[in-house]
1. Select, from A:Leu250, A:Leu279, the only residue that is in a helix (DSSP H, G or I) and surrounded by fewer than 20 Cβ atoms within 10 Å (Cβ to Cβ).
2. Could you look through region B:54-72, keep only residues that are under 24 Å from B:Ser243 (Cβ atoms) and of a type in the set (Phe, Trp, Tyr), and pick out the one that is surrounded by the most Cβ atoms within 10 Å (Cβ to Cβ)?
3. Six or more apart or on different chains, Cβ atoms under 9 Å: show the pairs whose first residue is in region B:103-117 and at the interface with chain A (Cβ under 7 Å from one of its Cβ atoms) and whose second is hydroxyl-bearing (Ser, Thr, Tyr) and loosely packed, with under 13 Cβ neighbours inside 10 Å.
4. If a residue has to be over 15 Å from A:Lys101 (Cβ atoms) and polar (S, T, N, Q) to count, how many in region A:184-198 make the cut?
5. Determine which member of the set A:Asp115, A:Asp103 is in contact with a helix residue (DSSP H, G or I) (Cβ under 7 Å, 6 or more places away or on another chain), among the acidic types (Asp, Glu) and under 30 Å from A:Thr203 (Cα atoms).
6. Which residue out of B:Val249, B:Val265 is β-branched (Val, Ile, Thr), part of a helix (DSSP H, G or I) and within 30 Å of B:Asn47 (Cα to Cα)?
7. Looking at this structure, is A:Phe118 aromatic (Phe, Trp, Tyr), within 30 Å of A:Phe152 (Cα to Cα) and assigned to a helix (DSSP H, G or I)?
8. Any residue at all in region B:269-281 that is in a helix (DSSP H, G or I), free of Cβ contacts under 8 Å to residues at least 12 places away in the same chain, surrounded by 14 or more Cβ atoms within 10 Å (Cβ to Cβ) and in contact with an Asp or Glu (Cβ under 9 Å, 6 or more places away or on another chain)?
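The values are calculated or read from the model by the stated rules, or taken from the named source; none is laboratory data. Keep in mind that this is a model prediction, so the values were computed, not measured. Reconstructed Cβ throughout: ideal geometry from the backbone, glycine too, with neighbour counts over all protein chains shown.
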Amino acid sequence: MTAVAPSRSHPRSRPRASAGTDPLWIRVLALTAVIGFLGGMILLPLATVFVEALSRGLQPAWEAIREHDALAALQLTLVIAAIAVPFNALFGISASWAVAKHDFPGKSLLVSLIDLPFSVSPVVAGLIYVLVFGLQGWFGPWLQAHGISIIFAVPGIVLATVFVTFPFVARELIPLMEAQGTDEEEAAVSMGASGLMTFLRVTAPNIRWGLAYGILLCNARAMGEFGAVSVVSGHIRGRTDTLPLHVEILYNEYDFVGAFAVAGLLCLMALVTLALKTLLEIARPELDSHGV
Amino acid sequence: MTDTARLPKPKPGPLDYLARWPLRLWVAGTALFLYAPLITLMVFSFNNSRRNIVWRGFTLDYYAQVLQDESLQHAFVNSLTIAFVSTLLSVILGAATALLLWRFRFTFKLGLEGALSIPIVVPEICMGVAFLVFFTKVVPWPTALPWPLNLGAIIIAHVSFSFSFVASVVRARLASFNREMEEAARDLGASEWRTLMDIIVPHMRPGLFAGGLLAFTLSLDDFVITFFTSGPDTITFPVKVYSMIRFSVTPEVNAASTLLIVITVALTAIALRMQGSDAGRDPS
C-alpha cells in the first residue's frame with residue numbers, strides 16, 4: 001500500500017498533456033462529468049435529507065432532535081462509540097504490531113481474520129450474537145438465570161458494533177508498520193529502553209497519523225451502523241435505540257420531519273468526520289494512497 | 001484462534017509485547033468473542049436438529065431446504081442481478097471519475113475528492129432514507145415494472161455508494177502510474193485515445209478488478225439501503241435473512257447466512273489480494 005505514492009507527490013510536470021493545455025471543451029466536459037456523477041449519485045440524495053428535515057422550517061427539526069428519545073438515542077450512540085472505538089484501537093495496535101513486526105505460524109490466517117468482518121453482511125454479524133447469547137441460543141438460558149441480558153440490551157449492541165468496525169484500525173496500521181520496520185525500536189531497546197517505553201516513545205509517534213485515520217473511520221462506522229445493531233437491539237425507545245435505529249422508528253411512525261432531522265444530525269456528524277479526514281490527509285499526504 | 005499464542009520465540013525480548021500473557025489473553029479473548037459466534041453459526045447450519053443448542057449429527061437438509069425455498073431463491077436471484085448490474089455500472093462510473101480526477105485539474109478538486117468519500121463516512125441509514133424520498137418525490141420510480149426493471153431503483157442506490165469505493169481503489173492504483181510511459185506513447189505518435197486504451201487502462205486493470213469485486217460484495221451484503229428502497233417483489237438475500245431472523249432463528253437461517261458468508265468472504269479475499277499485490281509490484 002505504502003509503495004503507492006499519492007499523485008500530488010509526482011512533481012514531474014508533463015510538457016505535452018498537462019491539464020492547462022487541454023482544450024477548454026474537454027476540460028469543461030470532464031468537470032461536468034465528475035460533478036454530474038458525484039452530484040447526481042451522492043450529493044443530491046444527501047441534500048434530500050436536509051431539505052426534508054427543514055421542509056417545515058427549523059423549529060420542528062430542532063424539536064425532533066431535542067426530544068427525549070432522540071437525546072437518549074444520541075447518548076447511547078456516543079456511549080457505544082466510546083466503548084467500541086478504543087477497544088478496536090487497542091486491538092488494532094496489538095494485532096498490527098504482531099503482524100507487521102513478527103513472523104509466526106498462522107500469520108496469514110490472522111490477517112484474513114482481521115479482514116473478515118468487512119466481508120460479512122451486517123445482518124449476519126448481528127445474527128451470530130443472537131445465536132450465541134439470545135434466549136434460544138447457547139448461553140441464553142444461563143444468562144437469563146443470572147439476570148444478565150446481552151441481546152436486546154446495550155452489551156449486544158456493543159459486541160455487534162465492535163464486530164463490524166473491527167478491521168478499520170488494523171488495516172490502516174499494518175501497511176504503515178510493515179513499511180517502518182523494526183530498526184528504530186531495536187535501536188531504542190539496545191540502548192536500554194524497556195518494551196513499554198519503546199512503544200510509547202518510538203512506535204507510537206511513528207504511527208499516530210495512521211492511527212488517527214483508522215480511529216476516525218472506525219468511529220464513523222460505529223456511530224452509523226444500522227444492520228447489525230438492528231438485529232441485536234430490541235428497538236426499545238429510550239433504552240436500546242441508537243440514532244440510526246431512531247431514524248427508522250420515526251420513519252415508520254410517519255414522523256418524516258423527525259426522521260430526516262435525526263438523519264441530518266447523523267449526516268452532520270459524518271461531515272465533521274469528513275472534514276477531519278481531509279485535514280489528516282493534508283497533514284499526512286501518503287495516507288491518500290489507502291483506497292478505502 | 002490463538003495464532004498469536006504460538007509466537008516461536010522462547011524468551012520474549014523487550015519488543016515482543018505479544019509474547020506476554022496479558023496481551024496474548026487480550027488478542028485471544030477478542031478473537032474468541034468475535035469469531036467463535038461466527039463459527040458456531042456455520043457449524044450449526046449442519047446440525048441435525050431444529051434447535052440450535054445441542055449437536056445431533058451432520059446433515060445437509062437445511063441447505064437443501066434453503067436451496068428449494070422459492071422466496072429465498074427469488075431473493076438470491078434478485079441479489080445477484082442487482083450485484084452484477086450495479087458492479088458493472090460502478091466500475092464504469094468509478095473508473096471514469098478516478099481517471100478524470102487524476103487527469104484533470106479542477107478548481108474545487110479537494111471538495112470533489114471529499115465528496116467521493118462521503119459514502120464511506122455517511123451512515124448508510126442516511127443514504128437509505130434519502131433514497132426512499134428520492135425515488136418517491138424527486139425521481140418517482142414506477143413500482144409495477146416487470147422483473148429486472150423493478151430492481152432499477154435498488155441498482156441506482158447501490159451504484160451510488162459502490163462507485164465511490166471503486167473510484168478510491170482505482171485512484172490509488174493510478175497514483176502509481178509512471179507518466180513517462182504516457183509521454184513515451186505520445187512521442188511515438190499515439191493519439192490521446194490510443195494512449196488511454198493501450199497504456200493507462202492496462203495499468204488500471206488490477207484496480208478495476210479489485211474495485212469491481214469490492215462493489216460486488218458491498219452490493220451483495222448491503223442491507224440498509226436495500227431495506228429502504230426495496231418493495232415486496234424486490235426483496236434481496238440479506239433483507240430476506242433479516243426478516244427470517246425477526247421471525248425466529250432457525251437452522252435454515254444459519255444455512256442461508258453461511259452461504260452468504262462463504263460467497264462474500266471468497267470474493268473479498270480475492271479483491272484484497274489483488275489490491276495488495278498491485279501496490280507492491282509497481283513502485284513508481
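1. That would be A:Leu279, the only listed residue that is in a helix (DSSP H, G or I) and surrounded by fewer than 20 Cβ atoms within 10 Å (Cβ to Cβ).
2. B:Tyr62
3. Here the result reads B:Arg105/A:Ser18, each pair linking region B:103-117 to a residue that is hydroxyl-bearing (Ser, Thr, Tyr) and loosely packed, with under 13 Cβ neighbours inside 10 Å.
4. Our first condition is that a residue be over 15 Å from A:Lys101 (Cβ atoms); within region A:184-198, this holds for A:190-194, A:196-197.
If we keep only those that are polar (S, T, N, Q) as well, we get A:190, A:194.
Selection size over region A:184-198: 2.
5. On the way: A:Asp103 fails: in contact with a helix residue (DSSP H, G or I) (Cβ under 7 Å, 6 or more places away or on another chain).
Just a single option satisfies the conditions, and that option is A:Asp115.
6. Answer to the check: B:Val265.
7. Details: aromatic (Phe, Trp, Tyr): yes; within 30 Å of A:Phe152 (Cα to Cα): yes; assigned to a helix (DSSP H, G or I): yes.
When the stated conditions are applied, A:Phe118 passes them.
8. Looking through region B:269-281, at least one residue is in a helix (DSSP H, G or I), free of Cβ contacts under 8 Å to residues at least 12 places away in the same chain, surrounded by 14 or more Cβ atoms within 10 Å (Cβ to Cβ) and in contact with an Asp or Glu (Cβ under 9 Å, 6 or more places away or on another chain).
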